[in-house]
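The values are calculated or read from the model by the stated rules, or taken from the named source; none is laboratory data. Predicted model, so just to flag it, every value in this text is computed and none were measured. Please note: Cβ atoms are built from the backbone with ideal geometry, for glycine as well, and neighbour counts cover all protein chains shown.
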């Protein structure tokens, strides 16, 4: 059985450092891009808003990882940790620290966060196009002023977000681990059928 670890915040150094524009987001949710009248992107050059919205951290969603020291494993962000990470991201002032594919020295200018929110259907915070994303998940909207980056978004080079930072990990206990593992396998089967 592949172990499952939950993300924890365990000291002042822990948290989201950057938001990366990626082709294949680990949260398996692409961002949406919008034109002038809030419709999904159709790329009319003179009417573009150059706005992208998507998931930064997906609540209680298993993210597959492989590491030479640990091997295969899954990580999960709880709703509580996502809330803490969002608050810390803003208090640290890192909301506009954006890079490309988590590459060193790939920071980009001109991609500015204009909104961040946590999905909560009971409060009416439920963005269209993300029905499969759980309540408690962290979303962000960015205005893209950088023309080169916008061109790459339009041509599909970047399709989503990925968070980058220093996180603590805690292995989920074995009883909970087995239940979550079964849920993960069911989720993987469902996703495979949808593709």
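Identify the residue in region 90-119 that is touching a helix residue (DSSP H, G or I) at 6+ places or on another chain (Cβ under 8 Å) and part of a strand (DSSP E or B) and, among all such residues, is farthest from residue 60 (Cα to Cα).
108
On the given criteria, is residue 114 farther than 15 Å from residue 16 by Cβ and under 18 Å from the mean Cα position of the chain (by Cα)?
Yes.
Only one residue in 91, 78, 106 is free of Cβ contacts under 8 Å to residues at least 24 places away in the same chain and surrounded by 13 or more Cβ atoms within 10 Å (Cβ to Cβ), so which one is that?
106
Taking the options 122, 143, name whichever one is in a strand (DSSP E or B) and farther than 18 Å from residue 27 by Cβ.
Going through 122, 143 in turn, just one is in a strand (DSSP E or B) and farther than 18 Å from residue 27 by Cβ: 143.
One line per residue, one yes/no per condition, for (1) at pLDDT 60 or above; (2) crowded, with 17+ Cβ neighbours inside 10 Å; (3) under 16 Å from residue 65 (Cα atoms):
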{"site": "153", "(1), (2), (3)": "yes, yes, no"}
{"site": "157", "(1), (2), (3)": "yes, no, no"}
{"site": "183", "(1), (2), (3)": "yes, no, no"}
{"site": "191", "(1), (2), (3)": "no, no, no"}
